[in-house]
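What follows is a short report on a single structure.
The values are calculated or read from the model by the stated rules, or taken from the named source; none is laboratory data. Just so you know, these numbers come straight off a predicted model, no measurement behind them. Quick reminder, even Gly has a Cβ in these numbers, built from the backbone with ideal geometry, and neighbours come from all protein chains shown. When the accessible area is computed, the model is the full protein with side chains, heavy atoms only, and any ligands, DNA or RNA have been set aside. Shrake-Rupley method; radii C 1.70, N 1.55, O 1.52, S 1.80 Å.
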Amino acid sequence: MESDIRLMKGNEALAHAMIRYGADGYFGYPITPQSEVLETLEAEMPWETTGMVVLQAESEVAAINMVYAGAGSGKAVCTSSSSPGMSLMQEGVSYIAAAELPALLINCMRGGPGLGTIQPSQADYFQTTKGGGHGDYRLIALAPSSVQEMCDFVALGWDLAFKYRNPAIILADGIVGQMMEKVVLPEPRRRRTQEELIKQCPWAATGKTKDRNRNVITSLELDAHAMEIINNNLQEKYKTIEDNEVCYEALNCDDCEYLLVAFGSMARICEKVMELARKQGLKVGLLRPITLWPFPSKAIGEIAKHTKGILVPELSAGQMIEDVKLAVNCSVEVRHFGRLGGVVPNPDEVLDALYNMMNK
C-alpha cells in the first residue's frame, strides 16, 4: 500500500492521527494556537466513518471532566488546549492520574503568564513535568519537534497511557503546532469493540458482567493509611516508567566539548547552531529530550563527564535548566539562554550565547 503523504500543520496532523488511531472520543475547547485540532476533527467528521465522538465542550473544565468519564470507561479519549486552557484543566488532570486512567492530553503552548500572548512559548514545562495540579503525581510527557512527531506521538502517547494506566501529554509549542511540513500518516487502526474493550480493560467502569462485579472509579480515599498505600503504589509505577520509557535524541555528543540541551522548536534551532559551531571548529553536541518526563538525566550526566559546559536554550525564563543542573550534579557549568513573550531567537543569537559562556 502506498504511503499517505500530505503537507499539513502540526495541529492538523494531531487530528488525523487521532482518527487513524481508532480514537473513541475528543472533547475540547478552541484556543489559539491549537484551535486547528478541533477544527480539523469537525471538518473530517469521523463520527460518520469510525464512530469517533467529537464534542466542543462549554469550557476547558467541562472538557477534562468528559475525558475523565471516557477514560474511566476504558475509552481512548483525548483533549487539547493551549496554556491558559491547560491551567483550567489541572484539577481534572490530577483526578485522572489518581484514578490511574489512560488519557491523552495535548498542550500547544503560548506565552504567559496570564492570558499573555498567542505567540509560542515553552513556559509550561514546570506545569507539565512537576505536576500542575495538587498531589504527588506524574504525566508521561512527550515533546515533539516536527509535524511528523506530532502525528507519531498520538499513537505513542495513547499506547503508553494504556500500558501504565496513566495520562500522557504531548507538550508542543505554537511553532510546532502552526508550522507546515510533509507528514506520513499512519495506517488506520480499527476502533475496539465493546467486547474487546472489556477484555483489555478489566478495571474499567463498564458495568457488571458474568465474570466480575461492577468497577468503581474514584480518586477519593478518606482513610489516611489507605491513601498512603495508594500513593506509594503510584510512586512505584512512576519508578517503573522512569526505568523503561526514557527517550531522547543525541547528535554529535560522543566528542562534544560543549553541549546544547533543548526540546521542541528550540531543538530545531539548536541543530543549526550546532552546525554553525562545528563549521567554526567548535565541538558542539545536542541532546534533545523527547520524554520531558521521564527526563533523560542519566544520559545528560554521562555526556557531561567530558564537556566543558552546557547551554540550555528555552522559550522561557529557564525551567528545564533545573533538571539539567540536577542531572550533572554541579560537575560542569550549566547556563540558560531564553527569550520571552513569544519572541523566537535565531541561531546566531544562541551561538553568541554559547560563545559568551565559553569566554567566561
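When the Cα positions of Tyr29, Ser73, Phe126 are compared along the charge dipole of the chain, Ser73 comes out farthest toward the positive end, with charges on each C-beta of Lys, Arg, Asp and Glu.
Direction-averaged projected area, Cα convex hull, the range 44-132: 6.4 nm², rounded to one decimal.
Between the helical axis of 347-359 and the longest alpha-carbon principal axis of the chain there is an angle of about 60 degrees. Among beta bridges from DSSP that stay inside the range 210-327, the antiparallel ones total about 35%.
Among beta bridges identified by DSSP and lying wholly in the range 76-183, the antiparallel ones come to about 5 percent. Highest mobility in the GNM of the chain, judged by mean-square fluctuation with C-alpha springs under 10 Å and restricted to Asn213, Asn166, Asn65, is found for Asn213. Compute the separation of the alpha-carbon centres of the range 1-32 and the range 254-290 and state it in Å as a whole number. So the separation of the two Cα centres works out to 30 Å.
Positive-end ranking of Gln200, Gln280, Asn359 along the dipole of the chain, with charges on Cβ about the Cα centre, is headed by Gln200. Treating the angle as unsigned and between 0 and 90°, give the value, to the nearest 10°, between the Cα long axis of helix 264-279 and the longest Cα principal axis of the chain. Approximately 20 degrees, to the nearest ten.
Of Lys360, Lys325, Lys237, the order by accessible heavy-atom surface (1.4 Å probe, DNA, RNA and ligands excluded), from most exposed downward, is Lys360, Lys325, Lys237. Measuring nothing but protein heavy atoms, the accessible surface of the chain at 1.4 Å probe radius is 51 percent carbon and sulfur. Taking the chain as a Gaussian network of alpha-carbon nodes connected by springs under 10 Å, the highest mean-square fluctuation of the residues Ala43, Ala17, Ala155 belongs to Ala43. The sum of -39500 (n - 2.57) across all DSSP H runs of n ≥ 4, divided by the residue count of the chain, sets its helix-only mean residue ellipticity at 222 nm to -12500 deg cm²/dmol. Any idea how far the Cα center of the range 186-252 sits from the one of the range 72-134, in Å? Taking the Cα centre of each part, the range 186-252 and the range 72-134 sit 19 Å apart.
Cross-linked pairs Lys283/Lys308; Lys163/Lys325; Lys182/Lys283; Lys130/Lys182; Lys308/Lys360; Lys239/Lys308: Cα-Cα separations exceed 22 Å for Lys163/Lys325; Lys182/Lys283; Lys130/Lys182; Lys239/Lys308. Under 5 Å between amide hydrogens, built in the peptide plane, is the criterion, and for Ser73 it picks out Ala205 among residues at least 5 positions away or on other chains. 3J(HN,Hα) along the range 46-54: x, 4, 8, 10, 9, x, 5, 7, 10 Hz, from the Karplus curve 6.51 cos²θ - 1.76 cosθ + 1.60 with θ = phi - 60°, whole Hz, x for Gly and Pro. Based on C-alpha pairs under 8 angstrom that are at least 6 apart in sequence, the chain has a relative contact order of 18 percent.
Among beta bridges from DSSP that stay inside the chain, the antiparallel ones total about 30%. From largest to smallest, the equivalent ellipsoid semi-axes obtained for the range 131-285 from the alpha-carbon gyration tensor read 40, 22, 13 Å. Judged by the ratio a/c of the largest to the smallest principal axis of the C-alpha gyration tensor, the range 91-193 counts as oblate, that ratio being 1.5 or greater while a/b is no larger than b/c. Normalising the average separation of contacting C-alpha pairs (under 8 angstrom, six or more residues apart) by the number of residues puts the relative contact order of the range 81-201 at 30 percent. Overall shape: oblate for the range 319-360, with the ratio a/c of the largest to smallest alpha carbon gyration tensor axis at 1.5 or above and b/c at least equal to a/b.
If you work out Cα Rg over 2.2 N^0.38 Å from the coordinates, which of [x] 1.01; [y] 1.13; [z] 2.34 do you get? Step by step, Cα Rg over 2.2 N^0.38 Å for this structure corresponds to label [x].
Solvent-accessible surface (1.4 Å probe) assigned to Met45 amounts to roughly 80 Å². The value of relative contact order for the range 217-360, using C-alpha pairs under 8 Å at least six residues apart, is 23 percent.
A simple rule links phi to the HN-Hα coupling: the Karplus curve 6.51 cos²θ - 1.76 cosθ + 1.60 with θ = phi - 60°, which for the range 280-292 gives 8, x, 8, 7, 10, x, 9, 10, 10, x, 8, 9, 6 Hz, with x for Gly and Pro. Summing Cβ point charges (Lys, Arg +1; Asp, Glu -1) relative to the Cα centre of the range 174-276 gives a dipole of roughly 1060 debye. For Glu333, the solvent-accessible surface computed with a 1.4 Å probe is close to 80 Å², ligands and nucleic acids excluded. Amide H contacts for Glu333 (H built 1.01 Å from N in the peptide plane; partners 5 or more residues away or on another chain; cut-off under 5 Å): Ile310.
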